[in-house]
Amino acid sequence: MNIFDNLNTAQRKAATYGEGPLLIVAGAGTGKTTVITQRIAWLITKKKVGTDNILALTFTEKASSEMEERIDVLLPYGYVDLWVSTFHAFCERILKDNAIDIGLPPDFKLLNETDQVLLIQQNLEDFDLDYYRPMGNPTKFVRALVRHFSRVKDENILPEEYLEYAKNAKLDRDQQEFLKKRGEDDEISEQKRIAEVANAYHVYQQLLLNSSSLDFGDLILQTIRLFKTRPKVLKKYQKQFEYILVDEFQDTNYAQYELIKLLSAPKNNLTVVGDDDQAIYKFRGAAISNILEFKKDFPKSQEVILTENYRTKQNILDLAYKFIKQNDPNRLEYQLSKGQVDPKGAPLKSKVSKKLKSVREGEGVLLHLHYKSHLEEATGVVKQIIELKDKDKKLLWSDFAILIRANSYANEFTTALSRQDIPHQFLASRGLYAQPEIMDVVAYLKMLDNYHESAAMWRVLNFPRWNLPTKDLMQLSVYASRKRWSLYEVMQKSRLVSGLDPDMHQALAKIIKMIENHTQLTKTKGVLAVAMQFMRDSGYLKHVTEKASQDRIEKIMHLNQFFRKLEEFESTNDDKSVKNFLDMFAKIQEAGDEGSMHQSWDEGPEAVKIMTIHGAKGLEFPYVFIVNLVDKRFPSIERKEQIAIPDDLIKEIIPEGDIHLQEERRLLYVAMTRARDGLFMTSADDYGGAKKKKILVPADGNRLLAERAV
């Protein structure tokens, strides 16, 4: 069987396209990953292009791994050396091989956001900050500066460009009028602020170079600098990569697009796959103008529009399409149709259509549920899930997803699911370091570092594994307070405390013995070994693994992630001690790092998934509930960047109109197209404010969806 037999006409056209630039517009559920992997397989098996001569770029390690696995299945045995990676991994590889050509050390250290914050905090005096260094809290804006530097690098703005702009900056008329109302000196103050930020960016970059470090933005920025200043190096890679493919092109930023254009020239065998209607990462620096401008940048490019949808029922797709067309004229469909004429010279209303056509028969469930209050909304959603599952016994709990606009809106739904004892998984909950089991481990390490850390000792004594009577623990605490002793001292002298359970003294003695043993261990072993020994000796590990409940499984996942962080700490620090780890951990938390959670929708037990719409991108579920569809919740209020890039420095082309509202529409479009068989959109009158909320559910023609007030 030919590996391309399973492709539809448009997919086959895209996969077997020959030379030159190609834009594949892949709507939701149209099989874009299939097309891009089949195209790579076609280039290798039919065009006889070497695996080392094809570059495929993605945005996540998971997407990169999945693509590589799928290509491997399509190819005969023996094909190796595929260049399939994320933008950042690709640039890191290029820089490590060519760092010396632009004065970088090949063994440079890559800093994450927390590392960047710590670097600035440790060198704060070098920055000459005034506006962004409040007297009461001198490090208040450090994280905002770090994020600003990242955004600046998304725009491929070098420190010297920023400094030159600041030197000659003139405020526009609107800014001048606004500032004049505040005082005659405010214009000068604003110019000083811009100069302060520009100087801070310059100092920050110098600190990175002095410490042989790069941040993630630098990986793109420095690779562009390498290619622009070392033509021979650029020519070498242009010759090597005969074909370049970019997945999720709508999510690229300005700098990434500049990199692609440099690398693909002069042949421009560049294939980009994307969908402007699913561009939802503006907050990360994504430039929707990239996909809108592709035809202008490559006027000889061809486009293939994938519209056969293999996921969603047609009536759901129809509503989503009617809704997203409100973003015209800032949509690719409109742009590609603009100015087209028929053979007689008459204007064509539309040459290109992105309207999706479902290959699945029948209609899906499409309903708007409206409630009196947000609490009733959460209860009603759960009730609807139960009804659907009772009606179709083949359904699993994981066939249902509740999509929220922001993490803070999840609480009512997790509570409502818990009340009904329905297994659920909130995929964007608090950071790793705020998880109870991680706080337990850290508390024990703190207590080993200082026996008299009573807050840590109190948490240790309350471990469920010990099962110590609450009444006795309270008596110990009261006695310690009265005597002004630490809890550890009271534990040692527990027989002085009257009224304790007789078994309490023996339990406390056992804990003290374990603490003493582990204290000795800290003198010769690193933090990882000490923490592992605690997990075994205390019975904590047995406690979390002895039952296969949802809660226990999530605890194990969190602990695994934390222990991987301990491994990372030991691999990057000569001093691997508990004390040094706790010092570093305190600085990390002070820098605002909550601990990233590596969660996946398919991890863990069968459960209803609650996640943000951003987190649901790329996923699908039989039944989807989009909740809180009222003004100020979804669409949300626009949140400006704390430190914005001056308009004159922005290089991407900003679309006209209300950019925030257009992004909110795209976000809802993504949410709607996650559903396979049923889409429920919910709202309520009361979310705790004084006024009734305005309902903002997409209209079906001139009316709301079939509404069911509950």
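Details
- Within the range 570-600, considering residues that are at pLDDT below 85 and in a helix (DSSP H, G or I), the one farthest from Q425 (Cα to Cα): T572
- Residue in the range 91-114 that is nearest to I220 (Cα to Cα), counting only those that are open to solvent by less than 50 Å² (accessible area, probe 1.4 Å) and assigned to a helix (DSSP H, G or I): C91
- Filtered residue count, the range 554-569, keeping only those that are at pLDDT below 90, open to solvent by less than 50 Å² (accessible area, probe 1.4 Å) and of a type in the set (A, V, I, L, M): 1
- With respect to (1) part of a helix (DSSP H, G or I); (2) touching a helix residue (DSSP H, G or I) at 6+ places or on another chain (Cβ under 9 Å); (3) modelled with pLDDT under 95, the lone exception for K181 is condition (2).
- Residues (more than 24 Å from Q238 (Cα to Cα) and outside any loop (DSSP other than H, G, I, E, B)) located in the range 66-84: E66, E69, R70, D72, V73, L74
- The residue that is surrounded by the most Cβ atoms within 10 Å (Cβ to Cβ), among those in the range 665-687 that are of a type outside the set (G, A, S) and at pLDDT below 95, is Y687.
- Taking residues in the range 112-123 that are under 11 Å from I588 (Cβ atoms), and partners anywhere that are open to solvent by 20 Å² or more (accessible area, probe 1.4 Å) and in a helix (DSSP H, G or I), the pairs with Cβ atoms closer than 6 Å and at least 6 places apart or on different chains are T114/I588; V117/R143; L118/K587.
- Among residues of the range 1-36, those that are among the β-branched types (V, I, T), closer than 25 Å to I288 by Cβ and not in a loop (DSSP other than H, G, I, E, B), counted: 6
- Taking (1) over 19 Å from E242 (Cα atoms); (2) surrounded by fewer than 22 Cβ atoms within 10 Å (Cβ to Cβ); (3) modelled with pLDDT of 95 or more in turn, E293 satisfies each apart from (3).
- Pairs meeting the criteria (first residue in the range 301-319 and closer than 20 Å to L336 by Cβ and part of a loop (DSSP other than H, G, I, E, B), second residue open to solvent by less than 30 Å² (accessible area, probe 1.4 Å) and not small (G, A, S), beta carbons under 8 Å, at least 6 apart or on different chains) are S301/P21; S301/L22; S301/L23; S301/F294; T307/T30; T307/K354; T307/L356.
- Count of the range 124-143 residues which are exposed (fewer than 15 other Cβ atoms within 10 Å of the Cβ), closer than 28 Å to S596 by Cα and not charged (D, E, K, R): 3
- Residue pairs meeting the criteria (Cβ under 8 Å; at least 6 apart or on separate chains; first over 17 Å from T252 (Cβ atoms), in the range 649-662; second open to solvent by 50 Å² or more (accessible area, probe 1.4 Å) and not in a helix (DSSP H, G or I)): H660/E638
- Restricting attention to the range 413-431, the residues being surrounded by fewer than 20 Cβ atoms within 10 Å (Cβ to Cβ) and either in a helix (DSSP H, G or I) or more than 21 Å from the chain's Cα centre (by Cα) (or both) number 8.
- Set P329, P299: member being open to solvent by 50 Å² or more (accessible area, probe 1.4 Å), farther than 21 Å from L668 by Cβ and not β-branched (V, I, T): P299
- Unmet criterion (only one of (1) out of contact with any Lys or Arg (no Cβ under 9 Å at 6 or more places or on another chain); (2) under 29 Å from V146 (Cα atoms)) for I280: (1)
- Sole exception among (1) open to solvent by 10 Å² or more (accessible area, probe 1.4 Å); (2) in contact with a strand residue (DSSP E or B) (Cβ under 6 Å, 6 or more places away or on another chain) for Y79, by number: (2)
- S538 satisfies every condition listed in (1) among the polar types (S, T, N, Q); (2) in contact with a helix residue (DSSP H, G or I) (Cβ under 7 Å, 6 or more places away or on another chain); (3) modelled with pLDDT under 90 except (3).
- Options S65, S85; residue that is among the hydroxyl-bearing types (S, T, Y), over 23 Å from E19 (Cα atoms) and without any contact (Cβ under 8 Å) to a residue 40 or more places away in the chain: S65
- Condition check for L500: under 18 Å from W466 (Cα atoms), more than 45 Å from the chain's Cα centre (by Cα), among the aliphatic types (A, V, I, L, M) and open to solvent by less than 60 Å² (accessible area, probe 1.4 Å): yes
- Restricting attention to the range 214-265 and to residues that are in a helix (DSSP H, G or I), among the polar types (S, T, N, Q) and in contact (Cβ under 8 Å) with a residue 40 or more places away in the chain, the residue that is farthest from W42 (Cα to Cα) turns out to be T229.
- Of the set (1) in contact with a helix residue (DSSP H, G or I) (Cβ under 7 Å, 6 or more places away or on another chain); (2) of a type outside the set (F, W, Y); (3) under 30 Å from V365 (Cβ atoms), all apply to L270 but (3).
- Taken over the range 32-65, the residue count meeting the criterion of being crowded, with 16+ Cβ neighbours inside 10 Å, within 31 Å of the chain's Cα centre (by Cα) and not polar (S, T, N, Q) is 12.
- Subset of the range 332-354 that is surrounded by 16 or more Cβ atoms within 10 Å (Cβ to Cβ), more than 20 Å from I654 (Cβ to Cβ) and of a type outside the set (A, V, I, L, M) - its residue that is modelled with the lowest pLDDT: S337
- For V73, the requirement of being out of contact with any Cys (no Cβ under 8 Å at 6 or more places or on another chain) and under 18 Å from D218 (Cβ atoms) is not met.
The values are calculated or read from the model by the stated rules, or taken from the named source; none is laboratory data. Every value quoted in this text rests on a predicted model; they were computed, and no experiment measured them. Don't worry about glycine lacking a Cβ; one is built from the backbone with ideal geometry, like all the others, and counts go over all protein chains shown. Just so you know, the surface numbers come from the protein's heavy atoms only, side chains and all, with ligands and any DNA or RNA stripped out. Shrake-Rupley method; radii C 1.70, N 1.55, O 1.52, S 1.80 Å.
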